[in-house]
Amino acid sequence: MSLSDAARAVRENAYVPYSKFKVGAAIRTPSGATHAGCNVENAAYPEGTCAEAGAIAAMVAAGETEIAEVYVIADCPAPVPPCGGCRQKLAEFAKGDVRVTLATLDGQEFVTTVSDLLPGAFTPDHMDRT
Ligand code: THU
């Protein structure tokens, strides 16, 4: 299954009783595996999790920690931009040049990279004083 199809399919399972805004995310790793996630909301609103966070959790649970490509899809007027927190979460596991495709349900796509989404990211290097 393509990354696009995986993101589109998992989006259907999003649990979004509050926003009604379903998002699907799929990650490909260097092994060729695909990991998918959807947003999961909560009555205590800040406890909800984004689709990207779900896909990252699935990847780590499967024993992988390197992102090779990302695809995010939602039903919106323009390709869905990941929130700030998810940009940081992606940067934890992806090199800056990793391709991120943001998409709409009706077929628009915007291709960007992790470093374009989060210029000047805080990384472990910033804690290295040796
Ligand atoms: N959301 C995501 O899951 N990913 C994004 O890239 C943008 C926003 C979710 C969070 C919340 O469940 C809903 O969309 C509305 O903000």
Residue farthest toward the positive end of the dipole of the chain, with Cβ of Lys/Arg at +1 and Asp/Glu at -1: which of V111, S19, A91?
S19
Where does the chain land at 222 nm, in deg cm²/dmol rounded to the nearest 500, when only DSSP H runs of n ≥ 4 count, each adding -39500 (n - 2.57), divided by all residues?
-7000 deg cm²/dmol
Enumerate the residues in segment 23-41 having an amide nitrogen under 15 Å from the point lying 7 Å beyond the Cα of A9 toward its Cβ.
24-28, 33-38
Which aspartates and glutamates does K95 reach when only Cα atoms under 20 Å apart count, and residues fewer than 8 places away in its own chain are ignored?
E52, E64, E66, E69, D116, D125, D128
Check: C-alpha center segment 87-122 vs C-alpha center segment 18-66, spacing in Å is 14
Yeah, segment 3-127 with a ≥ b ≥ c from its alpha-carbon gyration tensor (a/c under 1.5 is rounded, else prolate when a/b outruns b/c, oblate otherwise) is rounded
Phi-based couplings in Hz for segment 74-88 (Karplus 6.51, -1.76, 1.60; Gly and Pro marked x):
8, 8, 9, x, 9, x, 5, x, x, 5, x, x, 6, 4, 5
Segment 60-71 - phi-based ³J(HN,Hα) in whole Hz, Karplus 6.51/-1.76/1.60, Gly and Pro as x
5, 5, 7, x, 10, 9, 10, 8, 9, 6, 9, 9
Theoretical gain in end-to-end length, S2 to D97 [0.36 nm per residue, Cα-Cα removed]
32.2 nm
Computed ³J(HN,Hα) along segment 9-22: with the Karplus parameters 6.51/-1.76/1.60, θ = phi - 60°, integer Hz and x for glycine or proline, the list is 5, 5, 3, 4, 8, 3, 9, 9, x, 9, 7, 6, 10, 7
Just grab the label-to-label distance for V16 and F122, each label 7 Å out from Cα along the Cβ direction, in nm (one decimal).
2.9
Going by amide H atoms built from the backbone, whose H comes under 5 Å of the H on A68, apart from near neighbours?
R28, T29
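Rank these for me by crowding, L117, L105, going from fewest to most other beta carbons within 10 Å.
The fewest-first ordering by Cβ neighbours comes to L105, L117.
Every number here is computed from the coordinates shown, using simple stated rules; none is lab data. Note that the structure is a prediction, hence the values are computed from the model and not measured. Heads up, the Cβs are rebuilt from the backbone with ideal geometry, glycines too, and the neighbour counts pull from every protein chain shown.
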